[in-house]
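Here's the structure, in structure tokens; my notes come after.
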Amino acid sequence: MNLHEYQGKEILAGFGVAVQKGLVANNSDEAVAAAEKLTAETGTSWHVIKAQIHAGGRGKGGGVKLAKSLDEVKSISEKIIGMQLITPQTPPEGKKVNKVLVAEDVYYPGDSEPKEFYVSVLLNRSTGNNMIMYSTEGGMDIEAVAEKTPELIFTEEIDPAYGLRAFQARNVAFNLGLSGVAFKEMVKFITALYNAYVGADASLFEINPVLKTSDDKIIAVDAKVTLDDNALYRHTDYAELRDLSEENPTEVEAREVGLNYVALDGNVGCMVNGAGLAMATMDLIKQSGGSPANFLDVGGTADAARVETAFRLILKDPNVAAILVNIFGGIVRCDRVAQGIVDAYKNMGDAINVPIIVRLQGTNADIAKKLIDDSGLNVMSATAFEEAAQKVQEAL
Ligand code: GDP
Ligand code: MN
């Protein structure tokens, strides 16, 4: 689950990470009230107005603006709320902004040396460790830094069994070229950030930029956070952080009915039971020259109602030109699944407007094949895996 910047910063602050203070606002009146409140709290009369969408690069797209007065807070937030913000990380049509974060300006006027660093904590899937990735080149595209000057990106691998060790936090501060108070503040910052990452069961905390002010404060100015969905049951209070308007509507619907669905950009819809078989099916589609439109694990109970729900979800994607059903009948019998497919098809009528290729293997596969072949519907049966993929290609 991805979070908005303001939500990520709230979690960080809860773990003692120094963050740029801010308040979220749904309209320009709320933004002005937020700015007044922040001024009373922090003393600063300048604010940054930051669009809250699930995408980075907002600054480049005009979604982060400095306001030097309450009038500017009002006019800028009026402009940003409701805008369709296009950044290098949004879809081409951009994303609609529903909220802004009104934040204290932490870049002091006259600060000749505000220094921006990049710091992230993430899971390194190839080593099975947590990892702190950091760079002196903050504030810009880290992908560009990685491409042009990879020597400026450092990493600390953290064995989750030991946790972050003191020397590792000092390594970060040292490699970022800090000394004195700033060094100590960075060690504190990194330690608290790592605690937040572990404590919140996150899989990513990306802070870009981490700001060092001229008076040696170390502050998180941005926060891109991904929480591990599988650990959300341990944080019931995080459930309300989910912003459904930022998620793929079909994925949201699938989650509600208990189906594992992930949207992809190909044209072959997949209905499979078991995650492993689903992965193998997508590989096979690719190998035979196609491209999967989705990952869909219908799980153990492929009855008519469930098959119908799955068909309807798959067909919401306008790119789908054929559907491959690949089910292994172990616990669930193939003939039951076949009957489910036939019933769902008859029930849906014209709603099914693409060819369907069905491969059923396992218990009662022969009865299932006969059921499909005798149904008189636009459904092709296949026995072998490759044969099924081949038929999909021919049907496209
Ligand atoms: P992103 O573009 O989506 O990554 O959004 P960020 O939160 O990183 O903000 C983009 C840029 O806005 C930062 O790199 C800063 O240069 C600038 N910015 C953020 N906060 C402040 C602030 O308090 N004052 C000023 N002057 N600039 C800021
Ligand atoms: Mn940023």
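The values are calculated or read from the model by the stated rules, or taken from the named source; none is laboratory data. Remember, predicted model here, so these are calculated numbers, not experimental data. Positions of Cβ are generated from backbone atoms using ideal geometry, with glycine treated the same way; all protein chains shown enter the neighbour counts. Side chains are part of the model used for accessible areas, which takes the heavy atoms of the whole protein and leaves out ligands, DNA and RNA. Shrake-Rupley method; radii C 1.70, N 1.55, O 1.52, S 1.80 Å.
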* Asked: Using alpha carbons only, how many degrees (0 to 90, rounded to 10) separate the axis of helix 28-42 from the longest principal axis of the chain?
  -> 40
* For the chain, what is the accessible area per residue in Å², given a 1.4 Å probe and the full set of protein chains? -> 47
* To do: Note down the magnitude of the dipole of segment 248-395 about its Cα centre, charges +1 on Lys and Arg C-beta and -1 on Asp and Glu C-beta and zero elsewhere, to the nearest 20 debye.
  => 160
* Mean projection area, nm², convex hull over Cα of the chain -> 22.5
* Among residues other than A51 whose Cβ falls under 13 Å from its Cβ, what is the net charge (Lys/Arg +1, Asp/Glu -1)? -> +4
* To do: Select from T149, A166, T226 the residue farthest towards the positive end of the dipole of the chain; place +1 on Cβ of Lys and Arg, -1 on Cβ of Asp and Glu, and compute about the Cα centre.
  => A166
* Asked: Which entries in K9/K286; K96/K212; K188/K224 show an alpha-carbon gap greater than 30 Å?
  -> K9/K286; K96/K212
* Using alpha carbons only, how many degrees (0 to 90, rounded to 10) separate the axis of helix 385-395 from the longest principal axis of the chain? -> 90
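Quick one: grab the alpha carbon gyration tensor of segment 248-395, order the square roots of its eigenvalues as a ≥ b ≥ c, and give me rounded if a/c is under 1.5, else prolate or oblate depending on whether a/b is larger than b/c.
rounded
Where Lys and Arg each count +1 and Asp and Glu each count -1, what net charge lies around R234 among other residues with Cβ under 11 Å from its Cβ?
Net charge around R234: -3.
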* Ordering of 256-266, 45-55 by packing [mean C-beta count within 10 Å, highest first] -> 45-55, 256-266
* Structure fact -> Of the residues I327, N353, L377, the Cα lying farthest along the dipole of segment 299-392 towards its positive end, which is defined by charges on the beta carbon of Lys, Arg, Asp and Glu, belongs to I327
* Built amide H within the under 5 Å cut-off of V379, gap 5+ -> none
* **Cβ-based net charge around E5, under 9 Å, with every Lys or Arg adding one and every Asp or Glu removing one** => +3
* Counting pairs of alpha carbon atoms under 8 Å apart in space and at least six apart in sequence, what relative contact order in percent does the chain give? -> 12
* Sulfur and carbon atoms: percent of accessible area, the chain [1.4 Å] -> 52
* Quickly work out the D29-to-K286 label distance, labels modelled 7 Å from Cα along the C-beta direction, and quote it in nm with one decimal. => 5.3
* Divide by every residue of the chain the summed helix terms, -39500 (n - 2.57) for each DSSP H run of at least 4, and state the resulting mean residue ellipticity at 222 nm, rounded to the nearest 500 deg cm²/dmol. => -11000 deg cm²/dmol
